[in-house]
Amino acid sequence: KKALGDRLGEAIPLHSMGVVYNNLGNYRKAISFFEKSRIVFEKAGDRRGVASSLNSLGLAFDNLGDYVKALDFYERSLIRVEEIGDRQDAANALNNIGGVHYSLAEYKKALEFYGRSLVLRESLGDRHGVAVSFNNLGAVHQALGDYGKALTFYEKSLAIKSALGDRVGTMESFNNI
């Protein structure tokens, strides 16, 4: 029987390899590594690791455009991070779920999940995350044709990114406006 440290020593590099392949655009290979890491994290009893692997699986399937599978993995990740009380990862999972609904043109659901993510990010004082949420909410309102609300959210995002000195984010926000 492998010791916990041995299992984590196996799971973390597997997950890291998945991240590399995901960044390279080889999503199928990334999925294979993320699934392997999930299994090892599960055997080690590392709930945070399992949640991270589930979220990463969601990201890889999201990148492939397989939104049904992405949504399933993001939702499973959300359940895990809520169980362990990780509000930051919960905010990220909610944001990812909102993104899938946005991609599926399910704008009311996207607004719901982006809004829930925003509330958590505000409560955590995560200014960068709040700016991202404002930007995402702006995109949904733009897709709905509510340009006034979209502009309001984009301007809020711009103000935060500018205050944070996020030059790339500031340029992205200007592009949205």
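The values are calculated or read from the model by the stated rules, or taken from the named source; none is laboratory data. Since the structure is predicted, the reported quantities are computational estimates derived from the model, not experimental observations. No Cβ is skipped: glycine too gets one built from the backbone with ideal geometry, and neighbour counts run over all protein chains shown. Quick note on the areas: whole protein, heavy atoms, side chains included, nothing else; ligands and nucleic acids left out. Shrake-Rupley method; radii C 1.70, N 1.55, O 1.52, S 1.80 Å.
Quick notes on this structure:
- Shape class of the range 9-71 from the alpha-carbon gyration tensor: oblate, with a/c at 1.5 or above and b/c at least as large as a/b.
- Here the contact order of the range 94-143, divided by its residue count and restricted to Cα pairs under 8 Å and six or more residues apart, works out to 35 percent.
- Relative compactness, the range 38-81, computed as alpha-carbon Rg over 2.2 N^0.38 Å: 1.10
- Placing a label point 7 Å from the Cα of M171 along the Cα-to-Cβ direction, the residues of the range 104-143 whose backbone N falls under 20 Å of that point are 128, 131-132, 135-136.
- The chain: relative contact order in percent, alpha carbon pairs under 8 Å with at least 6 residues between: 11 percent
- The angle separating the long axis of helix 87-103 from the principal Cα axis of greatest extent in the chain is about 70 degrees.
- Ordered from largest to smallest accessible area (heavy atoms of protein chains, 1.4 Å probe), the residues M17, M171 come out as M171, M17.
- Label zone of L144 (point 7 Å out along Cα→Cβ, amide N under 12 Å): in the range 89-125 this covers 106-115.
- Rounded if a/c under 1.5, otherwise prolate or oblate - the range 10-132, Cα gyration tensor axes: oblate
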